[in-house]
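Below you'll find the structure, written out as C-alpha cells, and then a few comments.
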Amino acid sequence: MAAGVAVAGWAVLVLHVAGALHTPAVDPLVHTVSDYVLLPGGHLVLAIAAGALALGATVLAAAARRAGASRAAVGLLASWAGAMVVAGVVPTNVPGTPPDLAAAVHRYAGAWIFAVLPVAVLLLAGGPAVRAAARRGVVALALLTAALSGAFLLAHLPIVVAGSPAFPLLGGVERVLYGAVTALLITTARALRPGTTR
C-alpha cells in the first residue's frame, strides 16, 4: 500500500514540476491533474500514478478481506482500483479541445473514484476489519473526504451541462481532495486489524 502511494506521489510531483516548466505553464489552481495529459509523456506518467494507486488499493482490499471486511466493502475497494486503472489508461481531452468519448469515460471513472472510496471505508469502519481504537478517526476522515468529493463533483456539473467550469479554482480543490483521498487510504490501511497489511 505504502509503495503504491509513494510511486503515485512521485509521479504527480514530476508532472507538477514539468507543468511549471512547460510553455505555457500548467496552473495547478486552475487545471486538474488529468490536464497534465497535454505535456509530452504526460499520459504515461498519469498512467503510472493511477496504476500505482490501483495496486495499493488492491492490496488494501485483500488485507481488508483477510481482516473480515464485508463483501460490499471489499468489492467497492476493488471497483475503486478498477476505476483508477480506467482513468489512467483512458486520457481526458487536452484542455482547449472538445471532449470526446475517451474524455467522457475518463470523467465517469474519475467520478466513481471520488464517490466510492469514502463509502467503502465507512463500510469497513462499521465492521470487524478496523480496530475499535482507530474507528473514530477513520470515520471522521471518510466523512471529510465524502464532503470534499461531493463539492468537487458538484463543481463539475457546469462543465458537463454547459461545457465550461463555473468555479475557476477547480484544480486547487482537486489537489486538496487528492490529499484527503491519499490520507484516507493510508489511514485505513493502518487501522486494519494487526497482521493483515504489508
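The table below gives the values:
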| item | result |
| --- | --- |
| Which listed residue is outside any helix (DSSP H, G or I), modelled with pLDDT under 95 and farther than 24 Å from A155 by Cα, from T97, T23 | T23 |
| Test set (1) β-branched (V, I, T); (2) assigned to a helix (DSSP H, G or I); (3) open to solvent by 60 Å² or more (accessible area, probe 1.4 Å) - V74 fails condition number | (3) |
| Filtered residues of the range 125-138 (kept if part of a helix (DSSP H, G or I) and open to solvent by less than 10 Å² (accessible area, probe 1.4 Å)) | A125, V138 |
| Number of the exception - S34 against (1) part of a loop (DSSP other than H, G, I, E, B); (2) under 22 Å from A155 (Cβ atoms) | (1) |
| Selected residue [open to solvent by 60 Å² or more (accessible area, probe 1.4 Å), modelled with pLDDT of 95 or more and closer than 25 Å to H156 by Cα] from L122, L29, L141, L53 | L122 |
| Sole exception among (1) open to solvent by 40 Å² or more (accessible area, probe 1.4 Å); (2) β-branched (V, I, T); (3) modelled with pLDDT under 95 for V14, by number | (3) |
| Any pair with Cβ under 6 angstrom, 6 or more apart, that starts in the range 1-25 at a residue that is free of Cβ contacts under 8 Å to residues at least 24 places away in the same chain and ends at one that is assigned to a helix (DSSP H, G or I) and of a type in the set (S, T, Y) | G19/Y36 |
| Residues within the range 168-198 that are modelled with pLDDT under 85 and either assigned to a strand (DSSP E or B) or closer than 11 Å to L29 by Cβ (or both), tallied | 3 |
| Every residue from the range 60-71 that is within 19 Å of the chain's Cα centre (by Cα) and open to solvent by 30 Å² or more (accessible area, probe 1.4 Å) | A62 |
| Candidates V26, V12, V45, filtered to the one that is more than 20 Å from V181 (Cβ to Cβ) and touching a helix residue (DSSP H, G or I) at 6+ places or on another chain (Cβ under 6 Å) | V26 |
| From V85, V105, residue being free of Cβ contacts under 8 Å to residues at least 60 places away in the same chain, closer than 15 Å to A54 by Cα and surrounded by 16 or more Cβ atoms within 10 Å (Cβ to Cβ) | V85 |
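Residue-by-condition table, conditions (1) in contact with a Ser or Thr (Cβ under 9 Å, 6 or more places away or on another chain); (2) of a type in the set (V, I, T):
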residue: P28; (1), (2): no, no
residue: V37; (1), (2): yes, yes
residue: L55; (1), (2): no, no
residue: V85; (1), (2): no, yes
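The values are calculated or read from the model by the stated rules, or taken from the named source; none is laboratory data. Just so you know, these numbers come straight off a predicted model, no measurement behind them. Heads up, the Cβs are rebuilt from the backbone with ideal geometry, glycines too, and the neighbour counts pull from every protein chain shown. Just the protein is used for accessible areas: all its heavy atoms, side chains included, with ligands, DNA and RNA removed. Shrake-Rupley method; radii C 1.70, N 1.55, O 1.52, S 1.80 Å.
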